[in-house]
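Heads up, the thing below is written out as structure tokens.
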Amino acid sequence: MVVAGGGDHGGGAGNCCMKCWQHNRNHYYHQHHYNHNSNSSGNSNTAGGGGGGGGRVVAAGFVFCLVCFVINGLIAVLYGWLILTPPVSLNERKGLPWLGCQEDNEGSWAIGVFFGQSPFSLKPIETTEIWRNESAAWPVANPVITCASASDSGFPSNFVADPFLYVQGDVFYLFYETKNSFTMQGDIGVAKSIDKGATWQQLGIALDEEWHLSYPYVFNYLGQIYMMPESSQKGELRLYRVTNFPLEWELDQVIMKKPLIDSFIIDHNGEYWLFGSEHSSFGATNGRLEIWYSSSPLGPWKPHKKNPIYNTYRSFGARNGGRPFRYNGNLYRIGQDCGETYGRRVRIFKVEVLSRVDYKEVEVPFPFEESSKGRNAWNGARYHHLDVQQLKSGEWVGVMDGDRVPSGDSVHRFLLGCASVAAVSGLILFLGVLLGAVNCIIPLNWCADYSGKRSDTLIAWERANVFSSKLRRVFSRLNRVPSFLRSWIKPNTFAGRSVLTLIFALGVALSCTGVTFIYGGSGAEEPYSWKGQFSQFTLITMTYDARLWNLKMFVNHYSRCASVKEILVVWNKGIPPKVSDLNSAVPVRIRVEDLNSLNNRFKVDPLIKTRAVLELDDDIMMPCDDIERGFMLWRQHPDRIVGFYPRYVDGSRLEYSGEKYARKNKGYNMILTGAAFMDSQVAFERYWSEQARPGREVVDKYFNCEDVLMNFLYANASSTKTVEYVRPAWAIDTSKLSSAAISRDTNVHYKIRSECLRKFSDMYGSMSGRRWEFDSRKDRWDV
């Protein structure tokens with residue numbers, strides 16, 4: 001690109017290419033004249049002012065484009081700093097060590113545990129309501145093993161996948177692939193659970209070779225424990241035998257000199273069958289399956305007569321996706337659908353015929369409920385491996401891996417970011433053309449009407465080459481575009497200015513989009529683990545018929561937050577909506593109240609299945625990440641009210657004020673329960689105790705102050721800290737957009753709450769002496 005700037009920014013008259021041609025003609029004349037004088041007089045000083053002017057013109061156009069690009073870049077950097085940068089570094093905010101859990105183009109796989117009365121009725125562990133008091137996991141939720149689990153144990157890992165379960169009595173051992181963050185190859189890790197998969201102890205690396213390992217198929221044979229991991233990078237299928245379970249293994253033999261992937265061995269009808277896929281041959285894809293048979297899992301192996309059994313579409317499910325299982329006398333094979341992306345989902349096939357000369361299977365439904373939370377769910381994008389086994393109790397347990405992003409997501413986002421940057425460059429060039437700063441799009445010596453000096457050899461080649469001649473004519477026409485655009489869009493008119501403003505705004509938007517794609521991560525708002533575990537909470541909101549539009553927006557947004565288990569709508573007045581009217585990714589329950597009272601917010605409800613509840617007004621919108629941060633902090637302090645709106649009550653003043661007053665006093669002693677986590681059992685029973693009855697009567701009298709009462713009840717029950725503040729990245733009060741708001745008149749609202757403060761102080765004691773400073777925690781979420 002050659003750019004040229006001039007003093008005429010109107011740009012409507014004159015032909016760009018003609019101007020460029022005239023400039024080159026003058027430049028050539030001055031240069032020729034200079035050479036003639038130099039030869040005759042020996043003067044070595046430059047006399048061609050046209051060349052210097054052309055350089056300055058080009059430089060001016062280049063500077064214009066550079067300045068515009070820098071401005072867009074600075075705006076994008078500011079956007080990234082304000083919006084994309086977390087309160088602390090990524091590793092610190094996720095509780096990870098310095099190494100491990102790095103972004104990986106293969107994904108961010110994790111492992112979950114599932115239970116059911118059959119292999120076709122598996123439900124995630126959180127539905128079994130297993131609680132772990134020491135980790136405040138009420139209940140324990142998937143995933144149970146992540147890259148952080150391995151990394152925190154001293155084995156830096158980018159992801160964990162391909163889980164195989166080995167059960168010894170009541171003890172679960174889990175073998176899985178862990179991608180080493182240093183070597184960037186797969187190793188075989190092992191973990192142990194003595195509480196049916198609720199908690200796992202990372203034992204270490206069971207197998208580490210100089211090549212990639214995955215798919216650690218573990219089985220018994222003649223009293224020995226064997227492992228047959230994928231070793232396709234080595235070019236062979238290897239069988240290992242344990243010497244000291246579960247961490248020490250030795251090579252028993254090489255089963256086959258083939259680079260088979262995702263292989264398993266099954267005993268069926270008196271013979272052993274090896275299922276696997278070879279992708280090294282021409283045309284082999286994830287739709288290929290081959291079978292071998294033998295009288296022993298140690299071989300020798302003979303190929304099936306119909307090999308390859310499948311060599312079809314990737315979405316067919318030919319590639320194995322876990323351990324085969326038997327149910328009701330039938331054998332089932334698990335395959336993986338790789339159609340939309342690698343490992344999109346597992347598919348189940350019932351084996352009808354398996355013999356040396358024939359093989360037939362039919363797909364059967366697998367009623368696995370996929371999450372609707374998208375990238376916020378740990379398995380929202382794909383799940384490609386399942387190992388399901390029946391326990392002695394008759395219950396079935398399954399381990400499955402999952403990923404929140406599709407394969408190649410990081411590269412895809414980088415390419416989109418680069419495309420956005422390229423589009424910004426194009427817009428800047430377009431802007432320069434309209435303003436007259438850019439007059440030539442194509443270098444002049446590429447144009448057909450260029451009269452500058454060229455070598456005789458180049459001229460002869462161009463005459464003989466028809467394509468070159470046509471291409472130069474096309475370039476000439478392209479250089480007429482700037483003058484045409486300026487004659488059509490005049491920057492000094494209202495329409496022209498509008499176009500320029502639109503181009504600038506679009507450039508800024510694309511710059512921010514590019515930064516988001518390149519530096520903004522996967523876009524997932526992930527949950528935060530506490531003591532290596534995840535949990536879930538119930539979200540409670542109170543509303544009525546006049547705020548239905550608020551409720552629909554509220555449910556659509558918050559139901560997709562990772563740790564939300566259920567949404568409870570406390571319906572205070574009017575005809576309630578149907579649950580089907582709400583677009584929710586989690587179950588929604590509407591509890592219709594007989595009396596329109598703010599006390600209903602804290603009513604004891606035995607149908608709530610979590611200890612943690614988030615009381616959230618239906619007119620507050622904030623990011624899921626803020627919600628997840630608040631939930632993790634509450635799990636550290638389940639005896640406190642943890643929320644997002646701090647207040648300070650001066651025990652002597654007893655006048656209600658907003659957050660500015662708390663900031664002025666550099667501390668807080670109340671958290672508004674319109675956006676706060678609490679223990680549903682403790683808080684609700686405390687609120688509905690006989691001691692709180694006078695306070696509830698005040699709430700009904702003023703139709704206000706239920707949150708103030710809850711804070712007084714907590715303070716009255718403890719002499720230690722009872723509240724914790726989390727500063728949200730941003731929050732929007734949608735009640736400002738509606739007339740249906742309880743506290744629309746701020747002065748009246750504050751006056752009523754001041755009266756409540758005086759009454760509650762008389763009933764439950766003063767808040768004097770209670771003040772906790774902002775920015776007092778290491779996480780700096782309370783600044």
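Remark on segment 628-759: Rg and Dmax equal 14.7, 41 Å (Cα only).
Among the lysines, which have Cα under 18 Å from the Cα of LYS305 when same-chain residues fewer than 8 positions away are ignored? Qualifying lysines at Cα under 18 Å: LYS258, LYS360.
Based on DSSP, what percent of beta bridges with both residues in segment 535-773 are antiparallel, to the nearest 5? So the antiparallel bridges in segment 535-773 amount to around 40 percent.
According to the Cα-based calculation, Rg over Rh for segment 228-325 is 0.98, with Rh computed by the Kirkwood formula.
When you count the other C-beta atoms within 10 angstrom of each residue and take the mean per peptide, 671-682, 423-434 line up highest first as 671-682, 423-434. When the accessible area of segment 535-773 is computed with all protein chains present and a 1.4 Å probe, what percentage of it is carbon and sulfur? Carbon and sulfur atoms account for 50 percent of the accessible area of segment 535-773. Solvent-accessible area of ILE83, all protein chains in place: 100 Å² (probe radius 1.4 Å, heavy atoms, ligands and nucleic acids excluded). At a probe radius of 1.4 angstrom, the accessible area of segment 97-406 per residue rounds to 39 square angstrom. Per-peptide packing, taken as the mean over residues of other Cβ atoms within 10 Å, places 640-649, 195-204 in the sequence 640-649, 195-204 from highest down. Normalising by residue count, segment 535-773 has a Cα convex hull of 118 Å³ per residue.
Could you tell me which of the pairs LYS609/LYS701; LYS123/LYS392; LYS573/LYS660; LYS565/LYS666; LYS373/LYS778; LYS664/LYS759 are separated by over 29 angstrom between their Cα atoms in the structure shown? Correct reply: LYS609/LYS701; LYS573/LYS660; LYS565/LYS666; LYS373/LYS778.
Charged side chains reduced to their Cβ positions (Lys and Arg at +1, Asp and Glu at -1) give segment 535-773 a dipole of some 400 debye around its Cα centre.
Of the residues VAL254, HIS279, PHE219, the one whose Cα sits farthest towards the positive end of the charge dipole of segment 219-308 is HIS279 (charges of +1 on Lys and Arg Cβ, -1 on Asp and Glu Cβ, taken about the Cα centre). Taking a straight line from the alpha carbon of LYS196, these aspartates and glutamates sit under 20 Å away, with near neighbours fewer than eight places off in the same chain left out: GLU126, GLU129, GLU134, ASP162, ASP170, ASP387, GLU395, ASP401. Residue ranges 148-155, 688-695, 269-276 sort as 148-155, 269-276, 688-695 when ordered by packing (mean number of other C-beta atoms within 10 Å per residue, highest first). In segment 97-406, a dipole from Cβ-located charges (positive for Lys and Arg, negative for Asp and Glu) runs towards its positive end, and of THR178, SER231, VAL351 it is VAL351 whose Cα lies farthest in that direction. For segment 126-157 versus segment 580-627, the spacing of their alpha-carbon centroids is 26 Å. Straight-line reach from LYS350: which aspartates and glutamates have Cα under 13 Å away, leaving out those fewer than 8 places along the same chain? Correct list for LYS350: GLU361, GLU363.
The values are calculated or read from the model by the stated rules, or taken from the named source; none is laboratory data. In this text the structure is predicted, and so the values were computed from the model without any measurement. Glycine gets a Cβ as well: all are built from the backbone with ideal geometry, and neighbour counts include every protein chain shown. The area values use the complete protein model at the heavy-atom level, side chains included, leaving out ligands, DNA and RNA. Shrake-Rupley method; radii C 1.70, N 1.55, O 1.52, S 1.80 Å.
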